[in-house]
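Computed from the coordinates by the stated procedures, all read-outs in this text should not be read as laboratory data. Bear in mind the structure is a predicted one, so any value in this text is a computation, not a measurement. Here the Cβ positions follow ideal geometry from the backbone for every residue, glycine too, while neighbour counts run over all protein chains shown.
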Amino acid sequence: MKILVINCGSSSLKYQILDMDGDNLMAKGLVERIGMEGSVITHKRLGNDAWVNEVPMNDHKEAIKQVLDALTDPTHGVVKSMEEIDAVGHRVVHAGEKYASSVLITEDVMKALEECVELAPLHNPPNLIGIKACQELMPGTPMVGVFDTAFHQTMPPESYIYAIPYKYYEKYGIRRYGFHGTSHKYVAERASEMLNCNLDDLKLITCHLGNGASVSAIKRGKCVDTSMGFTPLEGLVMGTRSGDIDPAIITYIRKKENLPSGAVNEILNKESGVLGISGVSSDFRDIEAAAEEGNERAQLALKVFVHKVRFYIGAYIAEMNGVDAIVFTAGVGENAPNMRDLICHDLGNLGIKIDLVKNKVRGKETIISRDDSPVKILLIPTNEEYMIARDTEELVEKLKVKK
Ligand code: AMP
């Protein structure tokens, strides 16, 4: 079965096409500057150089049309015609409390997702536009929605209820939702395979450390807690996001700086995190380089980042009464040995012992704990697109059985 995976942003679109019969990635690409001057598609067939095509794309429908043209192009394409694409899996950020797993997209599902726009005003609208554009261009092809929030729906109320008047949960759905769910789920499943253990027998802490970052506590394959909250702003220190802060700071800064409403939200989302502390960059490579050159604020930014990850690891060990394995994934988790070393440093009393030699690795699946470490430490590159394709395949297979 050939599955097209679509991840639509406001002005960009990432795609992959996978042949699930061999679990093979066939092609992938990126469309940028949709609706702007200089819109461009970068398409890469596996094993070939990237094909860059600058072509005007006024909206997402035109962008998806270009994707389909690239996939069926006689020179750069991987399928003869659109009919060879069996289904489309769409990444959707927020499904509120409505869906705890992926679903086949119907009119009712679209309505439910429209209702979630308020909860994710930056992310859900482009996701929905992408679905509608695909529906128009590929009528009759099954579409599946895979949600960032779904995996976290198993959290117990004590993990997701905020200690504010309960009526706000009832009236507005204000609660912890959690994000990066597809990634946490993928690495948890891979961890159980790498450890040769059933997921039901494992307590895992998965650390998705990228530009956005979150930690999850996963017990018997189910998420019991996660660091991101009502929005992806809560939790860890991130590239430009503050993570946890005292909520009183918001009104205090607003008053002191005489800022309009919404301005502090922008500061916390776009000017904070390691960028805010260091003043150097939101990219950990730049901050690590500056720290090495002696930049004290860059050094502090890294320390604060590490402190917070350790804080959550400790909390989740307490919540689950232990942990069998800690998993690192995403840009920083996969590529920054120094960060992993600092996060796991001096946790021997908790049974966490990193092997400094094995840890000198980037971007590949491997175990980086010492042989005598009771808690295993794993590096697992995330693969959200594969998870989206797999869920899509499963749902479409079920549809065939029903017919
Ligand atoms: P992601 O959001 O998962 O794509 O992660 C992106 C982030 O990973 C970048 O902003 C960098 O901060 C970080 N990153 C990528 N490669 C490296 C590296 N070699 N060393 C340190 N950080 C890295």
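FRET efficiency for Val304 and Phe230, Cβ-Cβ distance as r, R0 = 22 Å, nearest 0.05?
That pair, Val304 with Phe230, gives E of 0.45.
List nothing, just return the count: lysine pairs in segment 194-346, 8 or more apart or interchain, with Cα separation under 21 Å.
Lysine pairs satisfying the spacing and distance rule in segment 194-346 number 7.
Would you mind calculating the gained length between Ser12 and Ile250 on full extension (0.36 nm times residue separation, minus the Cα-Cα distance), in nm to one decimal?
That pair, Ser12 and Ile250, stretches by 82.6 nm at full extension.
Any aspartates and glutamates with Cα under 12 Å of the Lys364 Cα? List them, leaving off those in the same chain fewer than 8 positions away.
Candidates past the 8-residue exclusion: Glu334.
Can you give the calculated 222 nm mean residue ellipticity of the chain, where each DSSP H run of n ≥ 4 adds -39,500 (n - 2.57) and the sum is split over every residue, rounded to the nearest 500 deg cm²/dmol?
Helices in the chain give a 222 nm mean residue ellipticity of -11500 deg cm²/dmol.
Cα to Cα, under 20 Å, and not fewer than 8 places away if on the same chain: which lysines meet these conditions relative to Lys14?
Candidates past the 8-residue exclusion: Lys2, Lys28, Lys44, Lys61, Lys65, Lys132.
Run the numbers for Leu356 and Asp59: contour at 0.36 nm per residue of separation, minus the present Cα-Cα distance, in nm.
102.0 nm
Among Cys223, Cys344, Cys197, which one shows the highest mean-square fluctuation when the chain is modelled as a Gaussian network with alpha-carbon springs under 10 Å?
Result: Cys197 has the largest fluctuation of those listed.
Using only alpha carbon positions, build the gyration tensor of segment 87-137, then give the equivalent ellipsoid semi-axes as the square roots of 5 times its eigenvalues, largest first, whole angstrom.
For segment 87-137, the ellipsoid semi-axes come out as 16, 13, 9 Å.
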